[in-house]
Amino acid sequence: MTDPRTRRARLVGANLCALAAGSAVAVLAPVPVLARIPLAALAGTLGYLAGTWLAGRAVVLVRRVRTAPTGRLVHDLARLAPGTPAAGGKASALARLVQAGFRVPAGVVVLPDAFDAGGLSPAGARELARALRRLGAGPFAVRSSAAAEDSASASFAGALATELDVPATAVADAAVRVHRSGAAPRVRAYAEAQGVEAHQPVAVVVQRMVAAQRAGVLFTADPLTGDLDTMVGDVVEGLGEALVSGSADATPFRFHRPDGAYTGPAALAPVAARLHAAAHDIEACFGGVAQDIEWAVAADRVWILQARPVTSMRGWDPVTAERNDTLTGTCLWSATNLSEANPEPQTPLTVSVVRHQQDNGGPSMKVRGREMAGYVGGRPYANLSVQVSARGPKAAADPRAAYRQVAGLWGDLPDDVPLPVLPLTKADWQDEGLPLLATLVRLQWHRLRLPRFLATSREESARLAARVAAASTGAELAALWRDAVFPASLRAFWAVIAATDDRLDPLEEELRRLVGADDAAALLANVAGLCGGLESLGPAAGLQEVLAGRLSREDYLAAFGHRGHNEVELAWPRPAEDPAWLDRALASAATGADVGRLRAGRAAAFEAARDRLRTGHPEKARDVERRLGRRARRAALRERVRSESVRWTGVGRGFALRAGVLLGIGDDVFFHTLPELLDALDGTGRAPDVAARRAVVQRQRDLPQLPLFIVGRFDPYAWAADPCRRGDAFVAGRPLPPPPEGDERLVTGAAGSVGVAQGRVRRLDSIEDADQLLPGEVLVTPLTNIGWTPVFPRAGAIVTDLGAPLSHAAIVARELGIPAVVGCGDATARLATGDLVRVDGGRGTVEVL
C-alpha cells in the first residue's frame, strides 16, 4: 500500500516519465507521422508505469538514507528505522505516520536501554536533553510505547502510564515514571490474557502537546459490525484526554465511504473532509487494517496523535493460533471449491505456512491490503469481495454482474445474500494498478515455466525430501527450509495458481443452444479422451491397471501415493506411508465398475455427438472441436500441476516431521506456527500452549459443514448451536429467512453430470466409511475430492452438499458417465441411508421416491 508522500512522488515521476517517453517516440521514431501517434501513446503508458515504480523505489531509498544510525538511545520519530523492536508499538506507528507525510506532533522515542535501575542512565539523560532542545520549550506529552502496545494483538489502553502538559524541565522524571509503569501488576495480567510476553520492555514517546480546540477518536470501520463502508467517531471540545477518561460527554459523528459524506456536529464540519481523507490514507498506510485513530484540531489543522489496529476486528488469536478472517471487515466469503481440497479444519502449522507463502513472495491477490485467501473455523475461505473489487470500478458499480464471470468456480450466489465491495477511491485504484499488473506479469512468467515444473518436479522433490530427512541439527534444518524448501514450495504454489483459469467459459451454454443438453454433455464429458488422460481419474484407473497386472505396485505408489482426500494438510499421513493402504484400495477397487469400460462408454457417446454436430452444423463443427480440445488441454494441465504441487506439500510434511524428531516434540510440531517452529529450531522463542491448540482444532472438527457463503462477522460455534441456521449462507446482523418451501421430497443443486439414475442412498460423512458404499448405490456426502475417486465406479449417482459445475465431483462424474448433482447445501441433512431416490444430473434434482 501507499501513503500521501509516496503517492505524490509516484504521480510526479509517472507523469514525467510518460511525457519523456511519449515525446521521444513522437519526435524520434523512424516511422511515418501517423504511425507515431499510437506508438507515442504506448510509449507514454510504459513510461507512466516505469515512472511509478522508479519514484516508489526512490522514496524508499531516501527514507533509508534519512534513517538514524543504530546505537542511539533516543531517536527522532522522523528518522526512526522501520522494524526497530525496542521502540515499541506506539512509537513505531507514529514514526511510520511521520515518515509517510501525515501531520503528527514532533517528537522522539526514548528506548528501554536508556533506563537503568536508578532511572535514566547518564547517556540516556544527555541524549534526551539534546532532543528536548531541538523540540523547543514544550509543554510535552509523555507516553508509553511497550513492545506489543497498539498492536493487532493488544492495545494496552489505560494499562500503562501517560502524562500530559509536562514542562521541559520535568520530562526526564515523567519519562522514568512512564517507563516504570510497565512493571505494574495490571500490565502483566493484561499481557498474559492477550497471549503476549508478560514482561513488556517499555520505551517512552515524548511529543509536543497540541493546543486542541477539539479532539476525538475515529474508527476507519465500524468496530461493532465490521462495516467497511462506515467510519465512526466521537468528538469533544478541548483535549482528547477528556474523551478517553470519560470525564466529558462526546458527540458522535460518521463518514460514509468512499465518498466521505459526513454526518455529525456542525463544529467539526469545516475540517471533516480533511479528517476523512487522512483516516482513509492512514488505513492504507497500515496495509488496509482498520485503524483506531486519535486526532485533534488546532488552528484549523488536523493533527494525528495515534493510530492502532481496531482490536475488535482482529482475525487472529496468537494463543490458540485460530484465525477468523470474517472479523476483519464485512466481506463476502466462500468455501465452495476450496472445501474439496481442504475437507477438514487445518492445523496451525498448515495455516501459517500458507499465510507465510502469501506474505513472502507467493501468489497473492491483495486489494487495499486485504488478501483474497482467509480462514474461518480452521477452513480456507476465499474473499470474493476482494476478487470482485480487483476487477475495477465497473465491477464495483455492478458487483453481481462481475460475480457471474466467476460463478462457475464458486456457484450461484443466493439472491438474498449481499455482495459488499471494498470502499476504494480513484487514488486507491491508481495505487493498486501497478501491484496487480506485477502479479499478472509474474503469473504469466510462471505459466511459461509450467512445462519445466512438470518435467522436474518428481525428481527434485525426492532429492530435497532426502536432504530434509538427513538434517541432523535444528539449525541445519531451519537453514534448509529458508534456502531450499520454502523457495521450492513457493514455486509450486505459483504453478498451481498459474495453471488455474477463473474465466467464464461460454462454450457449455453455446453447445446447449446449438445441439441440446444431452449432446452438449456428451461433447464436454470427454476431457480424458481429448487430452490423453486426466489426473483425477488416475487413482481409480491405476488401481484397475494394478489388478490387471499392467502396472506394478511400486509404479502406482510413485504416481499416486502422495494423493488423497486431505492432501493439503501437513499433518495428514500420505497413503504411501501406510504399507497396508494399497492392499485395502485394491480390494475396494475390485468391487466397482471397470473404469476403462465406463470411459469407453463416454468416448462412444462423444464420437456419436461429434458426428451429429458435424452433420447438423458443419459450419461450426471445426471451431467447436478446436475449443473442446483447448478446454481439455487446460483442464489436464491444471490437474497435472496440482498433482505435482502436492508432492511439494509432502516435502513440507517431511520437514515438519523431522523438526518434531529433532526437537523431541513428535506430532506437537503441527500445533506450532511456522515462525514459532523456526524459532524453536534456532534455539529461541517460547513453546506454545499445544493442549489449548489441540482443543481448538478438535472443536473445529466437531462443527458441521460451514455455510457456502458468509457475509460479515461470523461465529462458527454460535451458528452451529442455532437450530434455525441455514447451511447455504449466513449474513451477519440480518437473519436470512428459511429457503422457500417447495416439494419436501425434492432436493435441488447444480447440474454436475447429466443422466438419470435410481437407487438407494448411502450417506457417508467421511471417506473412512467409503467401504460401506455398495455397487449401484447413490453416494450422498458433504463433498468429494481426489481421495474419493476410487470410490466413484461403485456409485450409481453422486450427490454433494458442496461444489460447483467445475468441482471435482462434477468433473470426474462427467468423465465416467455417472449422474451427479452438486452444491445442494442440505443433501446430507435431508437424505438418509436407505432412501430410494431418482437423481437427474441434467436438471440438478434429487427426488425422494
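The values are calculated or read from the model by the stated rules, or taken from the named source; none is laboratory data. In this text the structure is predicted, and so the values were computed from the model without any measurement. Here the Cβ positions follow ideal geometry from the backbone for every residue, glycine too, while neighbour counts run over all protein chains shown. Each accessible area value is taken on the protein alone, full model and side chains, heavy atoms only, with ligands, DNA and RNA left out. Shrake-Rupley method; radii C 1.70, N 1.55, O 1.52, S 1.80 Å.
Placing +1 on the Cβ of every Lys and Arg and -1 on the Cβ of every Asp and Glu, with nothing else charged, gives the chain a dipole about its Cα centre of roughly 2880 debye. Spatially, segment 610-652 and segment 334-385 are offset by 27 Å when compared through their Cα centroids.
Entry note, the chain: relative contact order of 11 percent, from Cα contacts under 8 Å with a spacing of 6+ residues. The smallest convex shape that holds all Cα atoms of segment 534-687, its convex hull, gives 141 Å³ per residue. The Stokes-Einstein estimate for segment 726-792, based on a Kirkwood radius over Cα pairs and taken at 4 °C with 1.567 mPa s viscosity, is a diffusion coefficient of 87 µm²/s.
Projected onto its three principal axes, the C-alpha set of segment 545-614 covers 51, 29, 20 Å, listed from the longest axis down. Sorting 623, 518 by accessible area puts them as 518, 623; the probe is 1.4 Å, largest comes first, and only protein heavy atoms count.
Highest mean packing comes first when the peptides 573-584, 167-178 are listed by Cβ atoms within 10 Å, giving 167-178, 573-584.
Note on residue 614 and residue 42: the extension gain reaches 201.5 nm, defined as 0.36 nm multiplied by sequence separation minus the Cα-Cα distance.
Accessible area per residue was computed with a 1.4 Å probe on protein heavy atoms; residue 620 scores about 100 Å². Annotation: residue 301 carries an accessible surface of approximately 120 Å², with a 1.4 Å probe and no ligand, DNA or RNA atoms counted.
Per-atom-type breakdown for the chain gives carbon and sulfur 57% of the accessible area (1.4 Å probe, protein chains only). Measuring between their Cα centroids, segment 395-426 and segment 805-849 lie 27 Å from each other. Listed by chain and number, the aspartates and glutamates whose alpha-carbon sits under 17 Å from that of residue 366, ignoring those within fewer than 8 places in the same chain, are 3, 281, 283, 325, 428, 431, 432, 502. Above 23 Å, the calculated P(r) of segment 396-525 contains 62 percent of its Cα-Cα pairs. D by Stokes-Einstein for the chain, Kirkwood Rh over Cα pairs, 20 °C, 1.002 mPa s: 71 µm²/s. Look at the dipole of the chain built from charges on Cβ: of 787, 204, 16, the Cα furthest out on the positive end belongs to 16. Its Cα gyration tensor gives segment 365-449 an equivalent ellipsoid. The semi-axes, each the square root of 5 times an eigenvalue, are 22, 18, 14 Å from largest down. Taking N as the residue count of segment 648-782, its C-alpha radius of gyration divided by 2.2 N^0.38 Å amounts to 1.53. Estimated from the Cβ-Cβ distance and a Förster radius of 56 angstrom, the FRET efficiency linking residue 401 and residue 758 is about 0.90. Compared with the direct C-alpha span, the chain from residue 23 to residue 832 gains 283.9 nm at full extension, assuming 0.36 nm per residue.
For segment 716-849, a crude dipole built from +1 on the beta carbon of Lys and Arg and -1 on the beta carbon of Asp and Glu, taken about the Cα centre, is about 180 debye to the nearest 20. For the chain, the 222 nm mean residue ellipticity estimated from helices alone, with every DSSP H stretch of n ≥ 4 adding -39500 (n - 2.57) and the total spread over all residues, rounds to -14500 deg cm²/dmol. The alpha-carbon of residue 426 sits under 16 angstrom from the alpha-carbons of these lysines, leaving out residues fewer than 8 places away in its chain: 394.
Look at where the Cα atoms of segment 724-799 and of segment 78-114 average out, and the two centres are 56 Å apart. The P(r) of segment 325-397 has a tail past 21 Å containing 26 percent of all C-alpha pairs.
Of the three principal axes defined by the Cα atoms of segment 650-722, the extents in descending order read 45, 26, 21 Å. Per residue, the solvent-accessible area of segment 362-436 (1.4 Å probe, heavy atoms of protein chains only, all protein chains present) comes to 36 Å². When the Cα convex hull of segment 8-54 is projected onto planes of every orientation, the mean area is 2.7 nm². Of all DSSP bridge pairs formed entirely within the chain, close to 85 percent run antiparallel. Per-residue packing, averaged as other Cβ atoms within 10 Å, sorts the ranges 252-258, 769-775, 820-826 into the order 820-826, 252-258, 769-775, beginning with the highest. Only helices reaching 27 angstrom along their own axis (Cα) with mean Kyte-Doolittle hydropathy no lower than 1.0 count here, and for the DSSP H runs of the chain these are 33-66.
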